[in-house]
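The values are calculated or read from the model by the stated rules, or taken from the named source; none is laboratory data. Here the structure is a predicted model, which means the values were calculated and not measured. Heads up, the Cβs are rebuilt from the backbone with ideal geometry, glycines too, and the neighbour counts pull from every protein chain shown. When the accessible area is computed, the model is the full protein with side chains, heavy atoms only, and any ligands, DNA or RNA have been set aside. Shrake-Rupley method; radii C 1.70, N 1.55, O 1.52, S 1.80 Å.
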Amino acid sequence: MAGHTLELKQINIKNDDFNEEEDQPLSPYGTIFRNPLIDSYILIITGLNKPVHVPSMKTALQSTLSKHKRFSSIVMKDKNGDPKWMAKEFNIDNHIIVAELNTHYREAVDFVEKYTATLATAPPLEPSVPLWQIHVLNYRSAEAEASLVFRIHHCIGDCVSLMSLFLDSTRKNSDPESMPTIPRVQKGKKISTWSLTQIFQAIWTLMLSLWFNALSLLHAVATYLWMKDSKMFRGPRDVLSHRRRLAHVTVDLEDIAIVKKAINGTVNDVVTGMLSAGLVQYFDRLCSKDGAKWKSPRVRALVPVNIRSSPGLHKMEEMMKNGEDSRWGNAFGMWILPIAVKHQNQFLEYCRVAKAYSHQKKASFEAQFTYSFVDFLLSSLGWQAPADLTLRMLSNTTLVFSNVLGPVEQVQFMGNPVSHIVTTVSGLPQGLVVHFQSYAGKAKLVAMAAEDVFPEADQLCMDCAHALSQMKQEALLIN
């Protein structure tokens, strides 16, 4: 039992970490995700190196998550009809689902992914209890001895919030008594003294920002009113009811760093370039089977952008104070990012094109504007208008793409070493959702796809990984 006693110390949430009143309103995007039009869940597969001791896990989670108000609350409407969080006691047995899978089902190499994909189209969780579940798959898979599948309603928090909570719930694998390192994203340095050249650069940057903001606004209005992505890649109207397939591939962050250095860009530039090149190879293969040719299609991604003033993951005591730097919840805006699905002479060119697009977005305030605009619509018109706006944006674009930071070193979850992490999202009216989830020097490129829109999601992941390999070879000739 000594091992189980250690496990109970692995999650440490204190009541005084929370600095909020009862019956808190939902965040703008939290309200949108909790409505009849968009009912979205975050799904996280956590691979473990040992079987799960379910009774110990239940005891630990019952005593700790009951102190986290989002995991021990339900969404209710107040007298004005506005959705708010209301405290609700929960029975852990209603939230821990121990899967019983027959031998034939487990013979599939990707049975964990198949199980998770079924949750993507599963019925909504009962609203009278807190909106989260943990599915325990105590069976050996290709990468782990056991797996946990977290199904958490998106209104509870975004991936930054949930990954920060997960990180706070773990310990270093190399030192089980120590907290893991908190990954941070470096911010630009502030200029203390200005030269004449820097003043002119600042003025030029401001002019570019105004221009790119105007373009982003026009682009968003056009997308809402009439501009749609190419039909062959966009999900149909009833895509939410279509069967899903979950696939992923592992890549090395060192390879990403080599390419990043060669283009003088960011991780997001490299990953977006990987996706562009992967889609080109994918559609080449798909069309060659039918003997057809394809022209450069319009493909755009909705990209959630963290608008917290302090980027990266955070300690839970920081997030629960709900300050602007690191507040809990759905604190993100949206970019409408073009994905250049067009043949290039070099694989690195895909990254350079992606870098150019992202540079325009960074120079604008598109993410902050979309968050503020959704908040304005909610406060003035209620949930229907911003939900309809978000739904049309999703329906008129091809995919959602998100980069999720994870632990930078190997960690343990309740005393059980974590082998890998796979993150995705369900409930969005699109044929493809792509996530890039980092963990301990590696990363998973994850694709959740509607089977009839992207029938070979596993091949798409492999195409993206092959593109990265080619980019690395070209980058080594430059670096």
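Annotation: extensible slack from TRP204 through GLU126 equals 22.8 nm (criterion: 0.36 nm per residue apart, minus Cα-Cα distance). Could you state, as a whole-number percent, how many of the C-alpha pairs of region 317-430 are farther apart than 25 Å? The calculated P(r) of region 317-430 puts 45 percent of pairs beyond 25 Å.
In summary, the convex hull built on the alpha carbon positions of region 33-75 has an orientation-averaged projected area of 4.4 nm². Close amide-amide hydrogen proximity is noted between ILE97 and ILE134, HIS135, VAL136, each under 5 Å apart and 5 or more residues distant or on a separate chain (H modeled in the peptide plane; Pro and chain starts excluded). When every Cα-Cα distance of region 364-479 is counted in 10 angstrom steps from zero, the calculated P(r) takes the values 11, 27, 30, 23, 7, 1 percent. Around the Cα centre of region 72-185, unit charges on the Cβ atoms of Lys, Arg, Asp and Glu (plus for the first two, minus for the last two) sum to a dipole of about 280 debye.
Each listed q (0.09, 0.10 Å⁻¹) maps to a log10 I(q)/I(0) for the chain from the Debye sum over equal C-alpha point scatterers, namely -0.61, -0.77.
Over all Cα atoms in region 389-450, the spread is summed up by Rg and Dmax: 14.5, 45 Å.
The reciprocal of the average 1/r between distinct C-alpha atoms defines the Kirkwood hydrodynamic radius, which for region 321-376 equals 13.6 Å. For region 392-479, DSSP calls about 60 percent of its internal beta bridges antiparallel.
Using R0 = 30 Å, the C-beta based FRET efficiency linking TYR105 and GLU177 works out to 0.20. Between HIS420 and GLY47, the built amide H atoms are under 5 Å apart, and every one of these is 5 or more places off in sequence or on another chain.
The calculated pair-distance distribution of region 200-299 uses every alpha carbon pair, bins of 5 angstrom beginning at 0, and gives 2, 8, 10, 13, 17, 18, 15, 10, 4, 2, 0, 0 percent. Summing +1 for each Lys or Arg and -1 for each Asp or Glu among the other residues whose beta-carbon sits under 12 angstrom from that of PRO338 gives +3.
Taking the accessible area of the chain, probe 1.4 Å, and keeping the other protein chains in place, the carbon and sulfur fraction comes to 55%. Work the Kirkwood hydrodynamic radius out for region 19-139: mean of 1/r over every pair of different alpha-carbon atoms, inverted, in Å. Averaging 1/r across every pair of different Cα atoms and inverting gives 16.5 Å. Relative to the compact-globule estimate of 2.2 N^0.38 Å, the Cα radius of gyration of region 110-241 comes out at 1.67. Put simply, the amide H of LYS50, placed in the peptide plane, has neighbours under 5 Å in GLU145, ALA146, leaving out anything fewer than 5 places away on its chain. Summing Lys, Arg as +1 and Asp, Glu as -1, what charge do residues with Cβ under 11 Å from the Cβ of MET462 carry, MET462 excluded? Value of the local net charge: -2.
Going down the table (LYS69/LYS442; LYS342/LYS444; LYS114/LYS362; LYS295/LYS442), which pairs top 27 Å between alpha carbons? Don't skip to the answer; put the middle values down first.
Details: LYS69/LYS442 32 Å; LYS342/LYS444 24 Å; LYS114/LYS362 37 Å; LYS295/LYS442 34 Å.
Distance filter (> 27 Å) returns LYS69/LYS442; LYS114/LYS362; LYS295/LYS442.
Grab the other residues whose beta carbon is less than 12 angstrom from that of LEU131, score K and R as +1, D and E as -1, and report the net. Net of charged neighbours comes to +2.
Secondary-structure-derived ellipticity at 222 nm for the chain, considering helices only, amounts to -12000 deg cm²/dmol, per-run term -39500 (n - 2.57) for DSSP H runs with n ≥ 4.
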